[in-house]
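The values are calculated or read from the model by the stated rules, or taken from the named source; none is laboratory data. Keep in mind that this is a model prediction, so the values were computed, not measured. Here the Cβ positions follow ideal geometry from the backbone for every residue, glycine too, while neighbour counts run over all protein chains shown. Note: accessible area is taken over every heavy atom of the protein model, side chains too, but ligands, DNA and RNA are not part of it. Shrake-Rupley method; radii C 1.70, N 1.55, O 1.52, S 1.80 Å.
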Amino acid sequence: MNKLDSKVPSGPLAEKWTKYKASQHLVNPANKRKLDVIVVGTGLAGASAAASLGALGFNVKIFCISDSPRRAHSIAAQGGINAAKNYQNDGDSVYRLFYDTIKGGDYRAREANVYRLAEVSNNIIDQCVAQGVPFARDYAGYLDNRSFGGAQVSRTFYAKGQTGQQLLLGAYGALSSEIAKGSVKLYARREMMDLVLDKEGHACGIICRNLVTGEMERYSGHAVLLCTGGYGNVYFLSTNAMNSNGGAAWKAYKKGAFFANPCFTQIHPTCIPVHGDYQSKLTLMSESLRNDGRIWVPKEKSDAERLQRGEITANDIPEEKRDYYLERRYPAFGNLVPRDVASRAAKERCDAGYGVNNTGRAVFLDFKSAIERLGRHKIEERYGNLFQMYQKITDENPYEVPMKIYPAVHYTMGGLWVDYELQTTIPGLFALGEANFSDHGANRLGASALMQGLSDGYFVIPYTLQNFLSSHISDGPVPTDTPEFDEAEKAVRGKIESLFAINGNESPDSIHKRLGHIMWEYVGMGRTKESLEKAIDEIKKLRAEFWKTLKVVGTANEMNPELEKALRLADFLELGELMAKDALNREESCGGHFREEYQTEDGEAKRDDEHFMHVAAWEYKGEGVEPERHIEPLEYENIKVATRNYKN
């Protein structure tokens with residue numbers, strides 16, 4: 001497929017999804033029982049998709065990298081989920097949610113997909129309430145809301161600081177019901193090793209490695225859904241679970257699925273700072289904390305230096321000597337500016353020498369005024385588990401001293417290119433949730449990841465998948481004893497054997513840390529032509545070294561976490577280079593992609609709409625061959641494109 005066809009329906013924006021559903025092809029109940037669907041991943045997108053498709057009558061096989069779907073990384077989401085219910089009567093609407101999402105993504109997302117996301121958001125809340133998700137409620141018993149970055153309304157529904165966990169339990173309950181009925185079969189502790197295409201180039205199955213026994217397994221289906229999350233762990237240190245990886249999407253890319261906007265990475269502004277060389281991950285502190293917490297650094301550099309040396313604490317600095325820099329720079333949004341804006345502002349203050357911890361890489365998140373205004377009991381009610389988590393990790397009481405925070409890699413807006421139906425450039429292969437690129441542009445707004453995952457799984461794929469499967473009802477069962485499956489399994493076994501054959505002296509973690517350092521330093525919050533060219537060169541050298549010095553202990557035919565790490569690292573070493581190439585080609589600043597050569601006089605992102613108002617979709621052309629860059633132009637017919645302004 002050389003041309004990108006988004007398949008967006010014609011007609012007014014607000015009617016596109018209704019028109020699509022009214023005119024799509026359907027599969028009747030008897031024929032649904034003849035069709036097999038593979039779902040890879042059991043987070044919010046995967047669990048909701050499998051539960052919905054199983055309830056419709058399809059035969060679903062769902063694959064889980066952990067021992068239970070409840071351990072999917074969706075469980076780590078803290079702050080909330082957006083929806084345009086307007087329960088607060090503060091001016092929200094479907095259009096405003098759509099507008100805020102497009103604007104927050106710096107006008108680099110497909111208009112029709114984003115409007116559909118906003119349109120079905122209200123259905124998600126109804127669905128989850130019906131499942132028993134314990135959303136917070138006000139004194140009268142109504143569902144409560146709070147604010148998140150990039151919005152001037154309160155539209156975020158939440159369950160204290162564990163919204164992802166509660167939503168995932170709701171989806172897990174629906175999934176478990178279908179498993180009990182037999183419409184869904186769960187395969188736990190499996191990792192997808194490769195995608196299998198039939199003679200016509202359609203997705204027809206996957207090769208999995210049983211993570212307990214090490215055995216290779218073949219599974220077939222009439223369609224494959226990738227719901228495997230993002231690739232933030234290419235940076236080694238991120239807020240992602242250590243099991244999270246971009247392997248499944250990368251395997252699809254190497255089989256012909258285009259990879260869109262890989263350089264669009266989200267750096268979250270409120271994370272516990274790095275504290276040493278032996279960390280394996282970072283901890284997120286929810287964006288919801290910015291509702292009541294105020295971010296500041298000292299006004300005087302001498303005070304910052306004394307903080308760094310441990311001579312004084314935050315409480316020793318009087319109010320008049322505190323710089324609430326987000327409130328100063330962005331008075332209209334204050335501490336609730338979007339994540340990319342808040343992250344760059346923190347970096348700027350720390351780069352200028354105003355950082356507040358011993359490394360100089362932290363700013364304060366202070367709840368003193370909120371506690372004085374609302375009382376400690378109210379803050380405990382809203383954020384108690386988050387405060388407890390912070391204290392356990394840092395041994396500092398955030399009720400008494402400000403939290404110390406610093407930006408960290410959190411989410412990837414890039415992913416597999418998909419059309420309006422969530423289908424990739426490989427027929428029969430669909431990508432849902434964070435695994436695709438479609439809804440967030442160059443920067444995701446807070447509380448929108450959960451919205452997208454459940455939107456795709458509960459309310460989009462049950463329609464669009466039928467449109468594809470309606471032409472396959474006479475295909476019959478898909479066999480696994482074909483040359484295509486043989487070839488795919490042989491390639492996987494060969495790669496594993498080659499990793500063991502290196503027999504060097506360096507562990508996967510050691511090499512991964514070095515890759516993470518390259519990515520953070522040269523493809524991180526601030527990027528330049530020189531830094532990106534250096535990153536590409538350094539990654540190539542490191543990849544060559546990987547294939548000479550790697551040491552994988554154990555054997556292939558057993559539970560072997562070191563082999564799992566090595567396989568994922570091999571993908572990261574290729575993906576990291578593509579991210580740097582994409583960033584180098586995009587000669588503008590937009591959202592989370594900040595090229596330091598392209599900024600306004602006051603340090604804000606400077607877009608180039610004339611040359612880069614498009615999706616960049618990369619096509620794999622073979623080992624050692626430069627990938628081809630395709631573009632999908634972005635057109636905005638229902639929104640005025642403007643420079644993002646969060647100051648007034």
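In the structure shown, do any of K251/K495; K61/K495; K7/K199 have a Cα-Cα gap over 20 Å, and if so which? Present the calculation step by step, with values, prior to reporting the outcome.
Numbers: K251/K495 13 Å; K61/K495 26 Å; K7/K199 25 Å.
Flagged as over cut-off: K61/K495; K7/K199.
Using 1/(1 + (r/R0)^6) with R0 = 25 angstrom and r between the beta carbons of S10 and K640, what's the FRET efficiency to the nearest 0.05? Could you put the intermediate results ahead of the total?
Working: r = 22 Å, r/R0 = 0.87.
Once rounded, the FRET efficiency stands at 0.70.
Among the listed pairs K85/K281; K534/K647; K16/K85; K551/K621; K404/K581, which are separated by more than 31 Å between their Cα atoms?
K85/K281; K534/K647; K404/K581
For a protection proxy built on the mean count of beta-carbon atoms within 10 angstrom, sort 548-557, 265-274 highest first, please.
Details: 548-557: 15.1, 265-274: 25.4.
With the highest mean Cβ count within 10 Å placed first, the list reads 265-274, 548-557.
Using the Cα gyration tensor of region 97-196, with a ≥ b ≥ c the square roots of its eigenvalues, what is the shape: rounded (a/c below 1.5), prolate (a/b larger than b/c) or oblate (neither)? Here region 97-196 falls in the oblate category. Of all DSSP beta bridges confined to the chain, the antiparallel ones make up roughly 70%. State whether region 336-443 is rounded, prolate or oblate according to the following rule on the C-alpha gyration tensor (a ≥ b ≥ c being the square roots of its eigenvalues): a/c under 1.5 gives rounded; otherwise a/b larger than b/c gives prolate, and the remaining case gives oblate. Taking the square roots of the gyration eigenvalues as a ≥ b ≥ c, region 336-443 is prolate. Bridgeable aspartates and glutamates around K321 (alpha carbons under 15 Å apart, same-chain partners fewer than 8 residues away excluded): E300, D303, E305, D366.
Sorting the segments 620-627, 154-161, 213-220 by their mean number of nearby beta carbons within 10 angstrom, highest to lowest, gives 154-161, 213-220, 620-627.
Is region 116-262 rounded, prolate or oblate when judged by the Cα gyration tensor, a ≥ b ≥ c being the square roots of its eigenvalues, rounded requiring a/c under 1.5 and prolate requiring a/b larger than b/c?
On the way: a/c = 2.10, a/b = 1.69, b/c = 1.24.
It comes out prolate by the Cα gyration axes.
Going highest first, how would you order 113-120, 397-404, 125-132, 39-46 by mean Cβ packing within 10 Å? Please list the in-between numbers first.
Numbers: 113-120: 24.1, 397-404: 18.4, 125-132: 15.6, 39-46: 32.1.
Most protected by this proxy first, the peptides run 39-46, 113-120, 397-404, 125-132.
Each residue of region 182-197 was assigned a 3J(HN,Hα) from its phi angle through the Karplus curve 6.51 cos²θ - 1.76 cosθ + 1.60 (θ = phi - 60°); the sequence is x, 7, 10, 10, 9, 10, 8, 6, 10, 10, 5, 9, 6, 9, 10, 10 Hz, with glycine and proline shown as x.
With a 1.4 Å probe and all protein chains left in place, how much of the accessible area of region 402-516 comes from carbon and sulfur atoms, in whole percent? Of all accessible area on region 402-516, carbon and sulfur atoms account for 50 percent. Once the convex hull of all Cα atoms in region 182-336 is built, its volume per residue stands at 215 Å³. In loop segments of region 298-332 as defined by DSSP, the GluC sites (Glu not before Pro) with at most 11 further C-beta atoms inside 10 Å of their C-beta are E311.
Think of it as helices only: each DSSP H run of n ≥ 4 in the chain is worth -39500 (n - 2.57), and spread over all residues that comes to -11500 deg cm²/dmol at 222 nm. Of the three principal axes defined by the Cα atoms of region 1-124, the extents in descending order read 44, 38, 35 Å. Per residue, how large is the accessible surface of the chain? Use a 1.4 angstrom probe and give square angstrom. Result: 38 Å² per residue.
Amide H to amide H distances under 5 Å link R322 with K299, where only residues 5 or more positions off or on other chains count and H is placed in the peptide plane.
Of the whole protein surface, R376 contributes about 100 Å² of accessible area at a 1.4 Å probe radius.
With both labels modelled 7 Å from their Cα along Cα-to-Cβ, the A140 to E311 distance reads 5.5 nm. Taking 32 Å as the limit for the C-alpha separation, the pairs K3/K529; K299/K378; K103/K541 exceed it in the case of K103/K541.
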